[in-house]
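The values are calculated or read from the model by the stated rules, or taken from the named source; none is laboratory data. Being a predicted model, the structure only gives us computed values, none of them experimental. Cβ coordinates were reconstructed from backbone atoms using ideal geometry, including for glycine residues, and neighbour counts include every protein chain displayed. Areas reflect the complete protein model, heavy atoms only, side chains present, ligands, DNA and RNA absent. Shrake-Rupley method; radii C 1.70, N 1.55, O 1.52, S 1.80 Å.
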Number of protein chains: 2
Amino acid sequence: MSAPDERPATVTLAAYLGTRLRQLGVEHLFGVPGDFNLDLLDGLAVDGPAWVGSPNELGAGYAADAYARSRGLGVVVTTYGVGELSVLNALAGAAAEDVPLVQVVGAPRRAAVETGALIHHTLADGDFGHFSRAAAEVAVAAETVTAERATEQVDAVLLAAVTHRKPGYLAVPQDLALAPVDAAPLARPLVAHSDADALAAFEARLTELLATAQRPVLVVGQLVPRFGASDDLAKLAERHGVAVVTQLSARGVLDPGHPAFAGDHAGAMLTNGTAELVEAADVVVHVGTALTAELTGFGSHRRPDAGTPFLAAAEAGFGATPVGRVLFRDALAALDRALDARTGPRFERSAAVPASVVELAGPLTQAQLWSVLAGVLPTGTALLADTGTAYYGALGIPLPADTVFSGQPIWSSIGYALPAVLGQGLAEPGRRPVLVIGDGAAQMTVQELSTIAAAGLAPVVL
Amino acid sequence: MSAPDERPATVTLAAYLGTRLRQLGVEHLFGVPGDFNLDLLDGLAVDGPAWVGSPNELGAGYAADAYARSRGLGVVVTTYGVGELSVLNALAGAAAEDVPLVQVVGAPRRAAVETGALIHHTLADGDFGHFSRAAAEVAVAAETVTAERATEQVDAVLLAAVTHRKPGYLAVPQDLALAPVDAAPLARPLVAHSDADALAAFEARLTELLATAQRPVLVVGQLVPRFGASDDLAKLAERHGVAVVTQLSARGVLDPGHPAFAGDHAGAMLTNGTAELVEAADVVVHVGTALTAELTGFGSHRRPDAGTPFLAAAEAGFGATPVGRVLFRDALAALDRALDARTGPRFERSAAVPASVVELAGPLTQAQLWSVLAGVLPTGTALLADTGTAYYGALGIPLPADTVFSGQPIWSSIGYALPAVLGQGLAEPGRRPVLVIGDGAAQMTVQELSTIAAAGLAPVVL
């Protein structure tokens, strides 16, 4: 933490936002300039995250989504109305997929709003609230910044987004972007806390439940990678010898060679033995899962009962009943401690994940494509698979160790994965992106290839 | 009107919609397929308007907007969530620009909605109303079709859109798209009516006001071209010898050689004498105007007073007070009759609109570009100018006779005009589109060039 005397007493609101974002790991901003956000962008350019301009807003939104998945927060900056509405698809996708994507909108001056001025980028009806209300349909927190509460509102939206792993929305009036605000809050990091009693209650009941469990299984969902907890989970599972199955939304969280990894799980949709393993378990723990139709093999999974423990982003509990505010990482630590007391046997995996091989002869087929891809994919890549054939095909190949696998199994908006290459590539420069996408999907957002090239990334595009 | 025995007693809901659209002049549908709208598209393909598939939804929305400007109604068909949200920018633009653009969304089955199923293309929170509520922020009418009221809802949305020249939103659950509905309403055309008393009151007061007017001026706005009333207005102005100035949003409504056309008008922003003409008028009639900042020369126009007559889409009145429900075309006919009784002198235009000429020497400049364009633009074209330099540059050139001039002076979303070429070209095949657009704006929606080529259009792109 900086000493108070190192920081000026006031900074511009834009600088405040930029500093907060850097504190939270954001080193790149995605977006498109527009007349209402120019002051904001000027202010953010001073010591703020680097600017990555995109040809259109939807591409920028998808890129920021992918960045958020890797960095724990992603930001897309647009102008009012014409800019922000084109991001709403990405913002909604972030809601479905548990991604902390924050949209920052440069909004009209307060005087225009207060007088109901009929200006461009509005519906010319004097109502400036249409678009923020639309965003609030999908955002966990949505604020239009006021002079009186500016820093509090910025902090509230950012903290809600990172705590809930959900999208946030922050509109900054043009005439407030460079206005001075109190810099003092910047000395205190933005951190959320669990309720201590709720956490203790969760841990106590979980410990009791697991103490004599003979065949516990952890069903791991998308919140584990979203919270950057994949390594922690891998260590936990290995240390305690507890079986792990991964939802398709958490594919790649455990390396295929991990001794406790039993495979991908989607109810009866996958025939790799995980359905039987989960059915036979005496305790099933849902670690950041989402029980959507596609992820549960269209409801063919073992449904949680009233006693099934779950760990969600900002609450944990049993069955459908949260015990209170228990943050995901605190709940994961509680699970780790609870497993310490377990006396049952360690999980022994029966066999390695089989790799399929197809002979290369005759015309190129889908099966051959996936087989070849599986054969050449090195460790340490980011495999981005767009919705549709690309995604479901890529689900079928075994992943090398240390692979980030990403797509949109819930929101399923075609065209997502191409701009996601930009965000993923900038978020983790050491990890080469590999994109598989159909030609129809690629047409949705193809202009983002120019930004990918401008950023100097070298993805493999199939 | 068809005899009842010519039509089956029931048709599918999709066929009902398709028939209604064709009755209203819609011969092309724009959009993108998706799993929730496939049944709907199958049903619309039977005797419905022709399908024009686009690479992405925003482009399809803009194309349908341009189509609506020419045909009086345009339709974009998308899937739920991932599809519809990408059109919201276009839908909002239609609200700002008074365009009857109807978005038809293929929505999930009713059973999924009723049980709050966690399915793809949703936020996985069981709430299926997020996106229709977002659309309702900008649409004049928004309905999610029910089995009980399906045809009534279809008719209500279409009628509201064409009556108000505003966007509409219609969500059709997948399992209702091919369900049978009563075909009987199709025998009655969809028509709105003025309130007879309100119309009579408007005409009486207008007649009295104009009877002795010596220097009346009609300020013409975007509703005149939106209602396809440009020719009627031209005849009215010539017959009565009443001066007409056009807002920039109604540019091209009158040919430059029209004897009553005094020029484009935007308060003191334009120095062509129209500001003085309007200031000197004894009666100013606002014919479908929008008094936004940009269109009024940033408020430098002569503001309407309490007695200033206005004609809006579905109401007419004086000052800020409507007399009641008076539809635009009825109000225009009332204006025509009111001018019959006028005894004042005919307007005599002092000079023709001057054409500027720039010598072609030295490096290519903006001024030269516009000069050359002005010199080569034939009559009968559609000049589509994208927001920014292209639009404001194109405002400066004199238009040949019979030119459609189109852009987004209010909503001002860059990238609009490129897909607009598709919609305009299909709406009026005999009118060659000429597009002027900056490279940044073109990148927003560049993929629509493929649809333009596939449609066999031959636009000129600058």
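General observations
- Per-pair calculated FRET efficiency, R0 = 30 Å: A:THR321 and A:VAL191 via Cβ, rounded to 0.05: 0.70
- The same position A:ASP402 in the other copies lies at 7.0 nm from this copy, comparing label points 7 Å beyond Cα toward the beta-carbon, shortest first.
- Cα-based helix-to-principal-axis angle, B:196-211 vs chain B, degrees rounded to 10: 10 degrees
- Region B:292-338 and region A:117-153 have Cα centres spaced 30 Å apart.
- Beta bridges by DSSP in the protein assembly as shown, antiparallel share as percent, to the nearest 5: 15 percent
- Label spacing, shortest first and in nm, from A:GLU152 to its equivalents in the remaining copies (7 angstrom along Cα→Cβ): 4.7
- Antiparallel DSSP beta bridges within region B:196-340, as percent of all bridges there, nearest 5: 25 percent
- Inverse of mean 1/r across different Cα pairs in the protein assembly as shown, Kirkwood, Å: 29.8 Å
- Placing unit charges on the Cβ atoms of the charged side chains and taking the dipole of region A:196-340 about its Cα centre, the candidate lying farthest along the positive direction among A:ALA213, A:ALA260, A:HIS286 is A:HIS286.
- In a fully extended conformation the segment linking A:SER300 and A:ASP42 would gain 87.6 nm over its present Cα-Cα distance, using 0.36 nm per residue.
- Helix-only CD estimate at 222 nm, as mean residue ellipticity for chain B, using -39500 (n - 2.57) per DSSP H run (n ≥ 4): -10500 deg cm²/dmol
- Taking the C-alpha atoms only, the angle from helix B:417-427 to the longest principal axis of chain B is near 80 degrees.
- Ordered from longest to shortest, the equivalent ellipsoid semi-axes for region B:4-187 are 22, 21, 14 Å, each the square root of 5 times a Cα gyration tensor eigenvalue.
- Other-copy label distances relative to B:HIS193, 7 angstrom Cα-Cβ extension, nm: 7.0
- Region A:28-44 and region B:192-209 have their alpha-carbon centroids 50 Å apart.
- Residue closest to axis [chain A; rotation mapping onto B; Cβ; Å]: A:ALA134, 2
- Each chain gives up part of its surface: B and A jointly bury about 3300 Å² of accessible area, both sides summed, for a 1.4 Å probe.
- Within chain A, longest stretch clear of exposed GluC sites (Glu not before Pro) (DSSP loop, no more than 10 other Cβ within 10 Å): A:149-347
- Options A:ALA177, A:GLY456, A:GLY380, ranked by Cα towards positive dipole end of chain A, top entry (Cβ charges): A:GLY380
- Just the protein heavy atoms count here, and of the accessible area of region B:4-187 at 1.4 Å, carbon and sulfur take up 54 percent.
- Mean partner shielding of peptide B:440-451, defined as the number of other chain Cβ atoms within 10 Å of each residue Cβ, is 4.
- Modelled FRET efficiency - R0 25 Å, A:ARG329 with A:ARG215, Cβ distances, 0.05 increments: 0.45
- Only beta bridges with both residues in region A:4-187 are counted; by DSSP, about 10 percent of them are antiparallel.
- Heavy-atom accessible surface of region A:366-461: percent carbon and sulfur, 1.4 Å: 62 percent
- Relative to the longest principal axis of the Cα atoms of chain A, the long axis of helix A:88-97 lies at roughly 30 degrees.
- Pair-distance distribution P(r) for region B:272-423, from all Cα-Cα distances in 10 Å bins starting at 0: 9, 26, 35, 23, 6, 1 percent.
- Size of electric dipole in region B:180-220: Cβ of Lys, Arg +1 and of Asp, Glu -1, about Cα centre, debye, nearest 20: 200 debye
- Per the Cα gyration tensor, region A:366-461 maps to an equivalent ellipsoid with semi-axes of 19, 17, 11 Å, ordered largest to smallest.
- Farthest positive-ward along region B:45-155 dipole, Cα basis, beta-carbon charges - from B:GLY61, B:ALA111, B:THR146: B:GLY61
- Relative contact order, percent, chain A [alpha-carbon distance under 8 Å, six or more residues apart]: 15 percent
- Per residue of B:83-91, other chain Cβ atoms within 10 Å of the residue Cβ number 6 on average.
- Charges were assigned to the Cβ only: +1 to each Lys and Arg, -1 to each Asp and Glu. The resulting dipole of the protein assembly as shown about its Cα centre is roughly 360 debye.
- Zone of B:ARG7's modelled label, taken as backbone nitrogen in region B:153-193 under 18 Å from a point 7 Å along Cα→Cβ: B:153-160, B:178-192
- Distance histogram in 20 Å bins (all Cα pairs of chain B, percent per bin): 25, 52, 22, 1
- Taking only alpha carbon atoms, region B:175-300 gives an Rg to Rh ratio of 1.14, where Rh is the Kirkwood radius.
- At a probe radius of 1.4 angstrom, the accessible area of chain A per residue rounds to 36 square angstrom.
- Charge dipole (Cα centre; +1 on Lys/Arg Cβ, -1 on Asp/Glu Cβ; no other charges) of chain A amounts to roughly 800 debye.
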